[in-house]
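Working notes, structure below.
Rule-based calculations on the coordinates, nothing more; no lab input. Please read these numbers as outputs of a predicted model, since none were measured by experiment. Note: ideal-geometry Cβ built from the backbone for every residue, glycine included; neighbour counts use all protein chains shown.
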Amino acid sequence: MLQLLRNKAQSFVVQALVLVIALVFIFWGVGTNMMNDRDAAISVNKEEISFQEFQRSYDQSIAGYRQQFGESISEDLLKGLGIKQQVINQLIQAALLRQGTSAMGIMATPVEIQSTIQSMPQFQQNGEFNLDSYRATLGANRLTPNKFEASIGRNLLTEKGITFISNFATTISDAEIIELVRREQETVTVKVVKISPDLFNDKVTIDPQELTAWFETEQNRYLTERKIKLKYLIFPYQAQKDSIAVNDAQILAQYENDKAAYQTPEQRQARHILFKTDDNSSFEERAAQLKKAEEILARLRMGEDFATLASTYSDDPAKAQGGDLGTFSRGRMIKEFDDAVFFMQPNTISDIITTQFGYHIIKLEKIVPAVTQPLDEVRDAIAEKIRSEQARPATFQMANEAYEGIISAGSLQAYAENHPERTVISTDFFSRTAPPAALDPDPSFLDTLFALNKGELSSLVETPSGYFILYAEEIQEPVPPKLDEVREQAGKDYILAQAAKMAQETAAALLTKVKGGADLETSAGEANLQIRTTGPLSRSKMTADPALPTSLVDQALQLGASNPFPKEALAAGDDLYILQFIERHLPETADISEDTRKEYSATLLRQKQDRLLSSWLQQQEKKAKIVISKNILN
């Protein structure tokens, strides 16, 4: 809950700052029918949440699910996920948090808002806030300073509310820590029988009638992809770039401004000999390694070859190259090592340097001075950068004028008839996995494209190559195919389904038998199943055990002497598992280190703060007057 609200608080700002041009869509009200209603989508204590805001959040959620599950996900399944209600709840909770925070006398002051905006890198030049950049960025997104600053104020208010409420939960008792430690560090050992469908594949035969009946119930798993037929306008950056002239003065100014980008810092080539130690090394082991380092350093001082000694005595993989580490700039190595190397002169050998890895002896081979690429070498790249930067706002302006023209004309077709210089491109039906070559394959662009409904005009859509205006002429929703079209794959899936059913029946029978008193090892052997025993399993060390998947460890920990078997066979992927409890071990809480106490205390505090915020929001919602438009519930 806490992280969700933090994410929601930042969403508007992030969208604005990355210049996602969705705001034309909002201001013009172009989109689905529900956005044409001027009433509020949701009212929370008379604070109105617009249809535009609801629709934007809803579309983002839908796009997320489609990206996760693919375009073939059906509309029925999307409805079953309750996405509308999820979005409604999130918007209501965000409003309640802002209102409750204000009621407590907490506010976001103008100074705080100003400071936040001035610290945003999107509005800075050379590390300082630039008023012209601020105005230009907002203007490109059709935002006024008042509207943007109000949104920043709302975000700050949300953050303050979260902090204020969370601060009521500040302490964790020793008893709470001990209980969590016992729960996280207790271990159990169990016996495991794995029942995999693979054991039954060769026992399944395909009966044509049974396959047909099975396919009738499972045909939705073979749904075709959702397809769309488009008309669109494209405004590529390249078309503007080709017409932009760049002079020498602009190139020189850009070169001086970006000079650090063309500089290669000083580098040094060094060798080292490592005498390795770590946190687990005893005092005696450290002393022995230090003595060895002192002996080798003495031999080096007497003139023996560094590379030869490194190849013989170093504990570092670089010993194969005589200890050569190649060239590197300052900051690439651990601090103690770095400081020593960059203090040395070429062909000198260091004293013994101690780091977390052990003891080092270093030889500096050479210094590679810092260099700056001359202007002539980067002139073309700078000119291209300038053209690219100037092309973006020019392209946006052209695309935005066309968009406004479409709105004024009433349709894309009417606009095209009045502007023959603009070519409206038409496509045939295509799916997400096979878009036309002329369309940008960027995943976020395809998310926007396939979120359109029939007859819907998009907003200005920015892509890495330019801007698009899209119109969904027709939609082909996913449909199930005929069996003959997918018979081969359906046959394979039928075998897997029947094998899985046999595995389930075998697992259920085995579990019933052992719960009735039969010996697990004997019963498993009679069914030609193997039995294995795990090592100690715990929540705090979810390491893989050959006998049991990590996903089942928590359920194994719930077993005990009074309930040695799970209620039903446990599933991990397609495989089923029968477990039998053997023994449990509880940690000695007196041995908890201070670092462990701090770690568990922080975990418990976060959990307590999340519960407190959730409870507070529930109370606010009970007292609130909330009205939800029927248009978004239908």
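Per-structure values
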read-out: Cα extents of the chain along the three principal axes, largest first (Å); value: 87, 81, 61
read-out: The range 130-225: mean projected area of Cα convex hull, nm²; value: 18.2 nm²
read-out: Difference of contour (0.36 nm per residue) and Cα-Cα distance, D258 to N220; value: 8.1 nm
read-out: Furthest towards positive pole of dipole, G410, F430, A508, structure part the range 364-509, Cβ charges; value: A508
read-out: Average Cα contact separation per residue, the range 266-369, under 8 Å, 6 or more apart, as relative contact order %; value: 45 percent
read-out: Descending semi-axes in whole angstrom, ellipsoid equivalent of the range 441-542, from the Cα gyration tensor; value: 53, 24, 12
read-out: Per-pair calculated FRET efficiency, R0 = 25 Å: L143 and I83 via Cβ, rounded to 0.05; value: 0.35
read-out: Extension gain from A288 to A451, taking 0.36 nm per residue of separation minus the Cα-Cα distance; value: 51.9 nm
read-out: The range 391-463 - Kirkwood radius from inverse mean 1/r over Cα pairs (Å); value: 13.8 Å
read-out: Cα extents of the range 266-369 along the three principal axes, largest first (Å); value: 42, 29, 23
read-out: Sorted by Cβ density within 10 Å, fewest first, the residues T512, T187; value: T512, T187
read-out: Amide proton proximity set for E365, modelled H, under 5 Å, gap of 5+; value: Q269, A270, R271, N347
read-out: For the range 104-209: relative contact order, % (alpha-carbon pairs under 8 angstrom, 6 or more apart); value: 22 percent
read-out: Total charge dipole magnitude, the range 448-542, about the Cα centre, Cβ charges on Lys, Arg, Asp, Glu only, Debye to nearest 20; value: 700 debye
read-out: MRE, 222 nm, helices only [DSSP H, n ≥ 4, -39500 (n - 2.57), over the chain, to nearest 500]; value: -15500 deg cm²/dmol
read-out: Shape call, the range 546-595: gyration tensor on alpha carbons, a/c limit 1.5; value: oblate
read-out: Cα gyration tensor shape of the range 176-284, rounded if a/c is under 1.5, else prolate or oblate by comparing a/b with b/c; value: oblate
read-out: P(r) of the range 353-398 over all Cα-Cα pairs, binned every 5 Å from zero, in whole percent; value: 5, 14, 10, 9, 9, 9, 7, 6, 9, 10, 6, 4, 1
read-out: Theoretical FRET efficiency, 1/(1+(r/R0)^6), r = Cβ-Cβ of Q476 and R606, R0 35 Å, to 0.05; value: 0.15
read-out: DSSP loop chymotrypsin sites (Phe, Trp or Tyr not before Pro) with at most 15 other Cβ within 10 Å: longest gap in the chain; value: 430-634
read-out: For the range 445-459, 3J(HN,Hα) per residue [Karplus equation, 6.51 cos²θ - 1.76 cosθ + 1.60, θ = phi - 60°, Hz, x = Gly/Pro]; value: 5, 5, 4, 5, 4, 7, 8, 6, 9, 4, x, 9, 9, 6, 7
read-out: Order of M104, M120 - criterion: other Cβ atoms within 10 Å of each residue's Cβ, fewest first; value: M104, M120
read-out: Loop GluC sites (Glu not before Pro), the range 227-287 (other Cβ atoms within 10 Å of the site Cβ: 15 or fewer; DSSP); value: E266
read-out: Mean separation of Cα contacts under 8 Å, 6 or more apart, over the residue count of the chain: relative contact order %; value: 27 percent
read-out: q = 0.12, 0.23, 0.26 Å⁻¹, the range 552-634: log10 I(q)/I(0) [Debye, one scatterer per Cα]; value: -0.79, -1.05, -1.15
read-out: Global form of the range 494-578, assessed from the alpha-carbon gyration tensor, a/c cut-off 1.5; value: oblate
read-out: Nearest-20 debye value, the range 266-369 charge dipole, Cβ charges on Lys, Arg, Asp, Glu; value: 260 debye
read-out: Gain on full stretching of the segment that runs from F357 to S133 - 0.36 nm per residue minus C-alpha separation; value: 75.9 nm
